[in-house]
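One structure is given below, encoded as structure tokens.
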Amino acid sequence: MTDLATRPAPPRLRRAAPAVLGYAAVRALGVVVLIVWSAARDKSALTLLSARWDALWYTRVAELGYGYEVRLPNGDVHSNLAFFPLLPWLERAVSAVTPLSHAHAGLAVGTPASLGAAWGIFAVADLLYGRRAGVCAVLLWAVLPVGIVQSMAYTEALFTALAAWSLYGVLTGRWVTAGVLASLAGLTRPVGLAVVAAVWAAAISSYVRERRRGPTTAPSPAGIPVPAPSPPGTSDPAHSFVRNRSPEASGGTSWWPRALGMLLAPLGVAGYVLWVGRRTGQGPLGYLDVQAGWRNGFDGGYAFARFVADKFTSFPSALAGAGLIAGVAAVVWLYVLCVRQSQPLPLLVYAGVVTALALCASSYFGSKPRLLMPAFPLLLPLALTLARVRTPRSAAVLGGVAAVSAAYGAFWLNGSGPP
């Protein structure tokens with residue numbers, strides 16, 4: 001007998017253990033390779049992970065607060081107001097109660113955050129496509145070419161953890177939880193707008209469906225379609241979840257949790273942007289002026305297109321240009337697969353906004369792979385494919401890619417690679 005008014009509980013850590021432990025193993029491999037590589041070059045792996053590129057800016061905010069800026073000879077102004085406050089707040093809190101420096105506190109925050117992100121990605125994939133697909137999704141996220149960033153004192157792991165669990169809250173009708181986590185994600189990175197958009201899109205679409213179906217029909221949760229059957233031998237809780245969903249569980253008979261979630265979701269990103277505008281005296285759009293000082297902005301991809309086109313002015317760089325085009329095409333292809341897979345609306349909105357902001361911004365082009373990292377729904381089609389392959393073969397594929405990723409991460413951090 002099924003209690004129709006209960007929500008599916010978040011997957012226990014025991015159920016998620018293969019995914020989380022596998023993730024930890026991949027990240028440990030990356031760090032070990034980095035330590036060996038750095039030692040051979042007489043560098044400190046700890047410094048590379050905690051005090052390089054953007055990590056230095058977050059540490060300075062944690063130590064001294066906002067107001068620091070660098071004026072470059074070309075007139076650009078790099079202000080630390082460009083960096084959102086949640087990670088520095090956490091670094092300051094950890095440093096206050098432990099002997100860790102602010103930089104090392106960033107690693108102390110990032111490590112559990114990365115494990116939380118792995119658990120959150122598993123929760124979403126497991127809910128929709130079963131446990132095996134969830135494990136594969138987490139491992140694919142771990143072996144991304146720039147996966148070493150997940151082990152740095154950066155915001156990618158923290159943001160992805162908040163985003164994944166917010167999306168899980170949306171998919172299971174936990175609107176208030178989803179709104180709170182979306183607000184925290186909005187205090188972490190500007191791309192928190194993607195989580196806000198996902199919460200709002202899901203809430204509005206569920207309201208429209210309820211109005212069309214009438215009060216006596218139980219709606220599906222936040223646009224979750226009935227998924228395809230799981231691979232043989234795997235469980236798929238999404239089937240029973242969709243069949244047994246009730247208006248009470250999704251907010252169908254009570255509008256206030258959904259409305260409160262929508263109200264809470266944008267508070268983080270809106271609050272910080274408005275605060276920056278007030279501090280700079282530039283009004284509500286003052287944050288855009290701060291980003292302009294870093295030559296960051298949204299131009300629809302024009303600057304990126306010119307950057308790629310310039311690669312074709314000579315033969316060696318033309319190969320890099322072709323690789324960039326292939327990479328963008330692969331990202332677009334993955335998103336098309338997500339649509340054809342009939343992923344829930346909030347996942348499509350979230351992944352679409354993250355991808356658009358990454359590819360269509362005029363930010364430093366070497367950072368784009370890192371900026372795409374939070375778009376984990378793009379990996380779900382690949383995860384389903386791996387889930388249908390026998391375990392030895394999928395393990396061999398993931399192991400090989402993990403080794404390449406670890407080597408690339410060590411090479412990248414020991415060089416002058418992109419932040």
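The values are calculated or read from the model by the stated rules, or taken from the named source; none is laboratory data. Note that the coordinates shown come from a computational prediction; the quantities given were computed from them, not determined experimentally. Quick reminder, even Gly has a Cβ in these numbers, built from the backbone with ideal geometry, and neighbours come from all protein chains shown. Remember, those area values only see protein heavy atoms, side chains included, never the ligands or the DNA or RNA. Shrake-Rupley method; radii C 1.70, N 1.55, O 1.52, S 1.80 Å.
Per-structure values
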item: Charge dipole (debye, nearest 20) of the chain; +1 at Cβ of Lys and Arg, -1 at Cβ of Asp and Glu; result: 840 debye
item: For segment 61-101, the fraction of alpha-carbon pairs in successive 5 Å shells from zero, as %; result: 5, 23, 23, 17, 13, 10, 6, 3, 1
item: Under the span-like rule (Cα at least 20 Å along the axis, Kyte-Doolittle mean at least -0.5), DSSP H helices of the chain; result: 13-40, 102-129, 156-171, 192-213, 315-340, 345-359, 391-414
item: Relative contact order of the chain, pairs being alpha-carbon contacts under 8 Å that are 6 or more residues apart, as %; result: 22 percent
item: Rounded percent of accessible protein surface that carbon and sulfur make up, segment 268-419, 1.4 Å probe; result: 70 percent
item: Per residue solvent-accessible surface (Å²) - the chain, probe of 1.4 Å; result: 45 Å²
item: Mean Cα-pair separation over length for segment 259-390, i.e. relative contact order, pairs under 8 Å, 6 or more apart, %; result: 25 percent
item: Helix-only [θ]222 nm of the chain, DSSP H runs n ≥ 4, -39500 (n - 2.57) each, per residue, nearest 500; result: -21000 deg cm²/dmol
item: Peptides 388-397, 124-133, 366-375 ordered by average Cβ neighbours within 10 Å, highest first; result: 124-133, 366-375, 388-397
item: Where only C-alpha atoms are counted, convex hull volume of segment 120-183 per residue in Å³; result: 67 Å³
item: Radius, Kirkwood style, for segment 276-357 when every pair of distinct Cα atoms is counted (Å); result: 15.5 Å
item: Calculated P(r) of the chain - Cα pairs past 40 Å, %; result: 17 percent
